[in-house]
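Trainee: Have a look at this one before I ask anything.
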Amino acid sequence: MTTPTPAFLPFCLYWLRLGLTSFGGPAGQIAMMQSELVDRRRWIDQTRFLHALNFCMLLPGPEAQQLATYVGWRLHGVRGGLVAGVLFLLPGALVLFALSWLAAAHGDTGMVGAVFDGIKPAVVAIVLAAVWRMGRRTLKGPAAVALAAAAFLGLFAFGLPFPLVIGIAALTGGIAAWSGRHWFAHPHPADSAILPEAAPRPGRLAALALLFALLWAVPVGTVLALFGTEPWGGVAALFTKAAFVTFGGAYAVLPYIAQQAVEIQGWLSPREMVDGLALAETTPGPLILVTQYVGFFAGWNHPGALTPLQAGLLGAALTTYVTFLPCFLFIFAGAPYVERLIHNRMAAGALAAIAAAVVGVILNLGVYLGVAVLLPDGGAGGWSGTLWAWAVMAAALAALVRWNAAIHWVVLAAAAAGLVRAFAATIL
């Protein structure tokens, strides 16, 4: 039994508080929403909450932020969806902007550099722990294991584009489910307690698509007209494309972003890319905000006629805008069809196959980061620094996998270890 729709001011204050405290990744963020929205406040019933979550897991993008947008839409329409979705990510975006400036302006000096030296091995451990946990939950049969291995080899050995790997996985799972072979998952059973949503008016999807095309084209076109195409055209194109293929969370799409931003565009170095992931792990909000860090460095390192700080701010704002705009499109376009979509056999098979492939994709990210952090040329201080990095990585991995420690505490402990090591080096 749900309570009446909350007044708009308490509704807004709740999402702001969640945005300020939403550490712990999507699992923790969804658990916080479950506790408050379903159990305590009763703004939405359990069945609709779970159906909304299943729907958001079908979509590219951060499922926790999209779940917040969906709940906001159900409670207060479009304005509620916008408020919930924006307030969920805004505090983390502001904090990460400040940290991005700190890394760009002072990342190679003193205490800041020592903190990063401690955090980087912990980030490798975080990614490996994600592979372990997601693999245990997802790889339930030989077909799923084979698909994960194929995804890893496609990226690592053959250099296939990330969108192509995800597309092949979705096609494989969809065709298998259509033919009656549930190699990856079964569709969600229908729930008689929830009636299907009424069909929206004809032309609604076309009107939404046109509106969002304009909302993308006008700001991006203005930036390109005022400040030129380099690097802004590449920033808008890369992160718009990434927004449409971010199945499986930020860990899945990061190797693709890193390849484009580091190796092809040269916006930042591999070391700076690892630093960005480390910072994003310590801030509230969705981890995909790491893209904002990449956009900041694209501007900072290629400012053109702007100052580095101005260009960094522009790059961060442009990246965040084009990354999250599609998230709102997906929710506002698909929300009226939730009950139909989550019971679709082909959709369930495609999503489960993507989840299996993402295990291999995240393993590829772990290898990419490991090369930058744990090999002799990637560690500070020669072989002693490399051995120390391996030790921090192993300790962080044990804390995450064996003792289920919260990620932000592991990152903070690794940062403290980096400071202790730097202090010891100064007195010995």
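The values are calculated or read from the model by the stated rules, or taken from the named source; none is laboratory data. From a predicted model like this one, the values you see are computed outputs, not experimental measurements. No Cβ is skipped: glycine too gets one built from the backbone with ideal geometry, and neighbour counts run over all protein chains shown. The accessibility values were calculated without ligands, DNA or RNA, using every heavy atom of the protein model including side chains. Shrake-Rupley method; radii C 1.70, N 1.55, O 1.52, S 1.80 Å.
Trainee: Where does helix 232-243 land angle-wise versus the long Cα axis of the chain, in degrees 0 to 90, nearest 10?
Mentor: 60
Trainee: Please list 6-19, 347-360 highest first by mean number of surrounding beta-carbon atoms within 10 Å per residue.
Mentor: Top to bottom by mean Cβ count within 10 Å: 347-360, 6-19.
Trainee: Quick one: if you take sqrt(5λ) for each eigenvalue of the C-alpha gyration tensor of the stretch 207-272, what semi-axes come out, biggest first, whole angstrom?
Mentor: Semi-axes, largest first: 24, 18, 6 Å.
Trainee: Using a 1.4 Å probe over the heavy atoms of the protein chains, calculate the carbon and sulfur portion of the accessible area of the stretch 79-155 as a whole percent.
Mentor: 74
Trainee: Give me the three principal axis extents of the stretch 237-304 from the C-alpha atoms, as integers in angstrom, largest value leading.
Mentor: 33, 25, 18
Trainee: Using a Förster distance of 25 Å, how high is the FRET efficiency between residue 264 and residue 224, based on the Cβ-Cβ distance and rounded to 0.05?
Mentor: The computed FRET efficiency comes out at 0.80.
Trainee: Can I ask one more? So if we plug the beta-carbon distance of residue 211 and residue 178 into 1/(1 + (r/R0)^6) with R0 = 41 Å, what FRET efficiency do we get, rounded to 0.05?
Mentor: Using R0 = 41 Å, I get an efficiency of 0.80.
Trainee: Ranked by accessible surface with a 1.4 Å probe, highest first, in what order do 30, 257, 427 come?
Mentor: 427, 30, 257
Trainee: Going by a ≥ b ≥ c, the root eigenvalues of the Cα gyration tensor, does the stretch 34-83 fall in the rounded group (a/c under 1.5), the prolate group (a/b larger than b/c) or the oblate group?
Mentor: Oblate is the answer for the stretch 34-83, as a/c is 1.5 or above yet b/c matches or exceeds a/b.
Trainee: If you line up the long axis of helix 110-138 against the longest principal axis of the chain, both from Cα atoms, how many degrees apart are they, to the nearest 10?
Mentor: Helix 110-138 and the main axis of the chain meet at about 40 degrees.
Trainee: Using the Cα gyration tensor of the stretch 116-167, with a ≥ b ≥ c the square roots of its eigenvalues, what is the shape: rounded (a/c below 1.5), prolate (a/b larger than b/c) or oblate (neither)?
Mentor: oblate
Trainee: Same structure, new question: What value, in deg cm²/dmol to 500, does the helix sum -39500 (n - 2.57) over DSSP H runs of n ≥ 4 give at 222 nm once divided by the residues of the chain?
Mentor: Here the helix-only value at 222 nm equals -24500 deg cm²/dmol.
Trainee: Something else now. On average, how much accessible surface per residue is there in the chain, in Å², for a 1.4 Å probe, leaving out ligands, DNA and RNA?
Mentor: 44
Trainee: Which shape class, rounded, prolate or oblate, goes with the stretch 261-414 when its Cα gyration tensor gives a ≥ b ≥ c as root eigenvalues, a/c under 1.5 marks rounded, and past that a/b bigger than b/c marks prolate?
Mentor: Here the stretch 261-414 falls in the oblate category.
Trainee: At 0.692 mPa s and 37 °C, plugging the Kirkwood radius over alpha-carbon pairs of the chain into Stokes-Einstein gives what diffusion coefficient in µm²/s?
Mentor: Taking Rh from Cα pairs, D becomes 147 µm²/s.
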